[in-house]
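The values are calculated or read from the model by the stated rules, or taken from the named source; none is laboratory data. Just so it is clear, the structure is predicted and the values come from calculations on it, not from any experiment. No Cβ is skipped: glycine too gets one built from the backbone with ideal geometry, and neighbour counts run over all protein chains shown. Ligands, DNA and RNA are stripped out before the accessible areas are found, and what is left, the full protein with its side chains, is counted by its heavy atoms. Shrake-Rupley method; radii C 1.70, N 1.55, O 1.52, S 1.80 Å.
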Amino acid sequence: MILGERIKKVRKSLDLTQQKFADQIGTTQNNIASYEIGRREPSAAAVNNICKTFNISETWLRTGEGEMFRALSRDQELANFFGDVLRGESDDFRKRFISMLSRLD
């Protein structure tokens, strides 16, 4: 599997369109399409952005070796969860949920 195919696999595993994937890493949908079909190689900065944004192992993305996702600590998992909750659609529920959790011992 080439780098572009692995980028596509990441995107599909996250259930993102090329546009949404591109928006999250600060590039264009055309760049993502070009990477995925092998027309262009992503820059080192683009690879770094993909890995950082989606918690992807750079070794896996570049070589296919190891696991796709990096292991997260418990604190990182909680931070990601609460970030997702706060970005969700039902603001009232999420705010009340976070507020309630913050009052726990």
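For the reader, a short list of remarks on this structure follows.
- Of all residues in the range 53-67 being of a type outside the set (S, T, Y) and not in a helix (DSSP H, G or I), the one that is surrounded by the fewest Cβ atoms within 10 Å (Cβ to Cβ): E65
- Matching residues, the range 16-41, being β-branched (V, I, T), closer than 25 Å to E77 by Cα and not in a loop (DSSP other than H, G, I, E, B): I25
- Within the range 42-52, restricting attention to residues that are in a helix (DSSP H, G or I) and not hydrophobic (A, V, I, L, M, F, W, C), the residue that is farthest from the chain's Cα centre (by Cα) is N48.
- Residue among L61, L14 that alone is aliphatic (A, V, I, L, M), modelled with pLDDT under 95 and within 28 Å of F81 (Cβ to Cβ): L14
- Evaluated against (1) farther than 16 Å from E5 by Cβ; (2) surrounded by 13 or more Cβ atoms within 10 Å (Cβ to Cβ), S34 falls short on exactly one condition, (1).
- Annotation: V10 fulfils all but one of (1) in a loop (DSSP other than H, G, I, E, B); (2) aliphatic (A, V, I, L, M); (3) within 15 Å of the chain's Cα centre (by Cα); the unmet one is (1).
- Once the range 42-52 is narrowed to residues that are under 22 Å from L72 (Cα atoms) and of a type in the set (S, T, N, Q), the residue that is surrounded by the fewest Cβ atoms within 10 Å (Cβ to Cβ) is N48.
- Tally, over the range 73-105, of residues that are within 24 Å of V10 (Cβ to Cβ), modelled with pLDDT of 80 or more and outside any helix (DSSP H, G or I): 1
- Once the range 1-15 is narrowed to residues that are open to solvent by 60 Å² or more (accessible area, probe 1.4 Å) and of a type outside the set (A, V, I, L, M, F, W, C), the residue that is farthest from S73 (Cα to Cα) is E5.
- Residue in the range 30-50 that is under 30 Å from S102 (Cα atoms) and not small (G, A, S) present: no
- If the condition is being open to solvent by less than 80 Å² (accessible area, probe 1.4 Å) and under 16 Å from I7 (Cβ atoms), then the range 68-105 contributes only M68.
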